[in-house]
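S.K.: Before I ask anything, here is the structure I am working with.
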Amino acid sequence: MTGRPHPLTQHNLAYRNTSGKKVAAYFVEWGVHGRGFHAADIPAQNLTHLYYAFLPVCGANPSLKAANPAGYAMLLEQCAGKPDYSVVIHDSFAALEKMYPGDSPAQPIRGIFAGLYRLKQAHPHIKVIPSVGGWTLSDPLYQVGIDPAARTVFIESVVSFLRTYPVFDGIDIDWEFPGGGGATPGLGTVKDGAGFATLMQELRAALNTLAAETGRDYELAAAMSGGVEKLSIIDWEKAAPPMDYINLMTYDYYGAGSNVLGHQTGLYPSAASPYQGRSAHEAVQYLVESGVTPGKIAIGVAMYGRGWQDVTDVKNNNPFSGVGGAVLSDGEPGFMNYRQLAANASGGPKASGINGFILGWDDTARASYLWNPTSNTLISFDSPRSVEAKGAYVLQHQLGGIFAWEIAADNGHILNAMHEGLGHQQQ
């Protein structure tokens, strides 16, 4: 514990959470490699929840095999000798073996998990919860949802994982997506909505049994699409009661997969939204109208932007009226993290754009964007202004809180804005 807790770094400021709302972020396991972002770098004192991404599930996973052959080989190694539909650690070196200051080779657990243990010792208030699935790791969840035998294996392995690694405080299911529309075409059936509800019910029962054994409380959450079309698949009358939080992924509404331009993380629909049901407000209203308790709903913040280059046919100086192709950045088409945007395009919270970019604001959607009329580049992103609007929305509609994907992409500006929007004062 030498040197713990670590001081806040970059632009992170200390806040006092007076609203009692959830302020959460996802932390990605692979960030310790390319991005060099480690457990010690997490601004834990400003978070109520940290979601660890991702735990994979053994079984057929063609989306991972296609997108990340090395990651697929790693998964096969972790699943050797284990039944299909078991949850496992993906990168065991990063999670359990990597040496950090204070570690010794004799420790049974090193790596990120040891860092998370130290983090919780320094900040006992924070809940650390592993997230199962994600875009390229959701394929086996389609079977878990509809097959009772697969679901039994899955739930037993979740309970075993929580017993083995007591640093964690529950489970988050990131099944992308019940009903289909995920990374592998053809997966998904009409049974998935009821299957998801059954999975939530049976997970809650298992977590309650574990709680009686350990004397601890375990949270159950799920990261859900922020689009009404996919939310409508779920039987919310049965799914919501056993859940603590529904983390609405109110981002990626528009992006690199299409030349259709729109606000990728808009709070409200814009005046000329190409599609209905792709805004945070529409998603929240759908859940509330479906009987979900508002206090269980958390809305998502994007600590990154998505955008297009070579935008053409712009009308009336509105870049969203045009057509464009994907911007290539940060290893993923159309994606750039907030730190990049602040340094190279927006100029930070007080600036109006740099390097030819103009910071724009859609007052109807409560959404920010960057437009470079010289290079015809358009970037839709969450700025501190739009994030503060989301926090105010959480208070206005008495929602459960706010969360972000993902903490390594921020420089502190966005997490600060999450607190400012919730009315939290700096310490």
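The values are calculated or read from the model by the stated rules, or taken from the named source; none is laboratory data. No experiment lies behind these values; they were computed from the predicted model shown. Don't worry about glycine lacking a Cβ; one is built from the backbone with ideal geometry, like all the others, and counts go over all protein chains shown. Note: accessible area is taken over every heavy atom of the protein model, side chains too, but ligands, DNA and RNA are not part of it. Shrake-Rupley method; radii C 1.70, N 1.55, O 1.52, S 1.80 Å.
S.K.: When only residues in the range 23-58 that are buried (at least 21 other Cβ atoms within 10 Å of the Cβ) and part of a loop (DSSP other than H, G, I, E, B) count, which is farthest from the chain's Cα centre (by Cα)?
M.R.: Only one residue tops the list, namely Cys58.
S.K.: Let me ask something additional. Quick one: how many residues across the range 67-85 are under 20 Å from Ala183 (Cα atoms) and in contact (Cβ under 8 Å) with a residue 12 or more places away in the chain? Can you show your working first?
M.R.: Going through the range 67-85, the residues under 20 Å from Ala183 (Cα atoms) turn out to be 67-76, 84-85.
Applying the additional criterion that residues be in contact (Cβ under 8 Å) with a residue 12 or more places away in the chain yields 67-68, 71, 74-75, 84-85.
So the answer is 7.
S.K.: For the condition open to solvent by less than 40 Å² (accessible area, probe 1.4 Å) and of a type in the set (Gly, Ala, Ser), what is the one hit in Gly182, Gly186, Gly215? Steps first, please.
M.R.: On the way: Gly186 fails: open to solvent by less than 40 Å² (accessible area, probe 1.4 Å); Gly215 fails: open to solvent by less than 40 Å² (accessible area, probe 1.4 Å).
Just a single option satisfies the conditions, and that option is Gly182.
S.K.: State all residues of the range 143-186 that are farther than 20 Å from Lys82 by Cα and free of Cβ contacts under 8 Å to residues at least 12 places away in the same chain; if no residue qualifies, say none.
M.R.: Across the range 143-186, the qualifying residues are Pro185, Gly186.
S.K.: Another question about this same structure. Tell me, which residue of the range 238-257 that is open to solvent by 50 Å² or more (accessible area, probe 1.4 Å) and either polar (S, T, N, Q) or within 22 Å of Val394 (Cα to Cα) (or both) is farthest from the chain's Cα centre (by Cα)?
M.R.: Here the answer is Pro241.
S.K.: Filter the range 281-324 for residues that are in a helix (DSSP H, G or I), open to solvent by less than 10 Å² (accessible area, probe 1.4 Å) and touching a residue at least 60 places away in the same chain (Cβ under 8 Å) and give the result.
M.R.: Start the filter on the range 281-324 by keeping residues that are in a helix (DSSP H, G or I), which leaves 281-289, 294-296, 319-321.
Cutting the leftovers down to open to solvent by less than 10 Å² (accessible area, probe 1.4 Å) gives us 283-284, 287, 319.
If the condition is that a residue be in a helix (DSSP H, G or I), open to solvent by less than 10 Å² (accessible area, probe 1.4 Å) and touching a residue at least 60 places away in the same chain (Cβ under 8 Å), then Val284 is the only one that fits.
S.K.: Still on this structure, please answer the following. Please return the ranges of strands (runs of 3 or more DSSP E) entirely within the range 345-427 where 1 or more residues are touching a residue at least 24 places away in the same chain (Cβ under 8 Å), open to solvent by less than 10 Å² (accessible area, probe 1.4 Å) and out of contact with any Pro (no Cβ under 8 Å at 6 or more places or on another chain). Break it down stepwise before answering.
M.R.: Numbers: elements: 358-362, 367-372, 377-381, 401-405.
Here the list reads 367-372, 377-381, 401-405.
S.K.: Within the range 81-108, can you find the residues that are open to solvent by less than 70 Å² (accessible area, probe 1.4 Å) and modelled with pLDDT of 95 or more? Give the derivation first.
M.R.: At the first step, the residues of the range 81-108 found to be open to solvent by less than 70 Å² (accessible area, probe 1.4 Å) are 85-92, 94-96, 98, 100, 102-104, 107.
Listed by number, the residues that qualify are Tyr85, Ser86, Val87, Val88, Ile89, His90, Asp91, Ser92, Ala94, Ala95, Leu96, Lys98.
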